[in-house]
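A.B. asks: There's a structure below that I have some questions on.
The values are calculated or read from the model by the stated rules, or taken from the named source; none is laboratory data. Computed from a predicted structure; not experimentally measured. Every residue, glycine as well, gets a Cβ built from its backbone with ideal geometry; the counts of neighbours run over all protein chains shown.
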Amino acid sequence: MMRHFYILFFEIVLVLAFLAFFVNTIQVINASIDVSKNSTLENLLLTQSMNGLIIVFLLLMNSFWMLYMFNGIIRIRMILRDISFQLNRRRGEKSDNNF
């Protein structure tokens, strides 16, 4: 039960981080409209901001992918546990019938 809480908590944190990233991206795009084409410093800062946004976006997507993979691993583990239980139960029934 606790594992599911941590996965849900991590999903909520990732969604909040993604929303903060989205709001920040909208602000950077809005600021890029006001940047003059002649100012080299402002263009460099805008380029650096866009590069930082790309890195943060890729890290967020990587976190979502890791969460998806961990959830899949937990699901496969539960399925394998059920299969093992069923096989062990059938082996027990066969050994009881032999005596």
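A.B. asks: Can you find a residue in the range 30-42 that is in a helix (DSSP H, G or I) and under 30 Å from Met66 (Cβ atoms)?
C.D. replies: Looking through the range 30-42, none of the residues is in a helix (DSSP H, G or I) and under 30 Å from Met66 (Cβ atoms).
A.B. asks: Same structure, new question: Within the range 55-99, count every residue that is more than 30 Å from His4 (Cα to Cα) and either touching a helix residue (DSSP H, G or I) at 6+ places or on another chain (Cβ under 9 Å) or in a helix (DSSP H, G or I) (or both).
C.D. replies: 9
A.B. asks: Restricting attention to the range 1-29, report how many residues are among the small types (Gly, Ala, Ser) and either outside any helix (DSSP H, G or I) or loosely packed, with under 13 Cβ neighbours inside 10 Å (or both).
C.D. replies: Total meeting the criteria: 1.
A.B. asks: Which one is nearest to Ala20 (Cα to Cα), of the residues in the range 41-99 that are more than 24 Å from the chain's Cα centre (by Cα) and hydroxyl-bearing (Ser, Thr, Tyr)?
C.D. replies: Top of the filtered list is Thr47.
A.B. asks: In addition: Being of a type in the set (A, V, I, L, M) and modelled with pLDDT under 85 narrows it down to one of Ile83, Ile54, Ile29, Ile73, so name that one.
C.D. replies: Ile29
A.B. asks: Next up: Determine whether Ser36 is loosely packed, with under 11 Cβ neighbours inside 10 Å and without any contact (Cβ under 8 Å) to a residue 24 or more places away in the chain.
C.D. replies: Yes; evaluated as a whole, the condition is true for this residue.
A.B. asks: Now for a separate question. Find all pairs meeting these conditions: Cβ atoms under 6 angstrom apart; at least six residues apart or on different chains; first residue within the range 3-18 and closer than 18 Å to Leu59 by Cβ and touching a residue at least 40 places away in the same chain (Cβ under 8 Å); second residue assigned to a helix (DSSP H, G or I) and of a type in the set (S, T, N, Q).
C.D. replies: What qualifies is Leu14/Ser63.
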